[in-house]
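Read the figures in this text as sums done on the coordinates, not as results from a lab. What you see is a predicted model; the values in this text were computed from it and never measured.
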Amino acid sequence: MKKKLNCVLLVDDDADDNYFHQIVIDEMNITERIEVALDGVEALNFLKKENLTYPDIIFLDVNMPKMNGWEFMEAYKELRADQKVKVVVVMLSTSENPEDKKRAGQFSEIVGFSSKPLTEEMLNGILERNFLENKNEITNT
């Protein structure tokens, strides 16, 4: 069996976006599981769990209640190294504000900033750029 990602974490308060993104990820069959957090607080609590198999990719919304994407990233930087090792963060937003894209570039942990919705083409690009060592091992059938 070809190797899959361990986990993808969707951090978004929009249930419709989460549902659609789960369908895209499921159809590509690239991960063992998908987790959903409705805001940055839930996402941080998830990442702080003991004995957790950490996500390989976090898809992060910008605008959320309780803790938005930027606040999450500030708190994320403070996590222990083992809680964020080899995690790829991609911001997905409906924002067309060029300042958001510029701000995303200020975080070394963020490898991409894209407009919603997540597409198969976008996901393939993320896998190719960030999981090259697994490129021939990750199944998407």
Exercise for review: Could you check which residue among 69, 125, 112 shows the biggest mean-square fluctuation in a GNM of the chain with a 10 Å Cα cutoff?
Suggested key: 125
Check your understanding: Which whole-Hz ³J(HN,Hα) couplings does segment 18-32 yield from phi under the Karplus relation 6.51 cos²θ - 1.76 cosθ + 1.60, θ = phi - 60°, glycine and proline marked x?
Key -> 4, 4, 4, 5, 4, 4, 4, 5, 4, 5, 7, 6, 10, 9, 6
Point to revise | Spatially proximal lysines relative to residue 4 (Cα-Cα < 18 Å; intrachain offsets below 8 disregarded) | key: 86, 135
Review point. Which residue, 117, 65, 98, has the most motion in a Gaussian network model of the chain that connects Cα atoms within less than 10 Å?
Key: 98
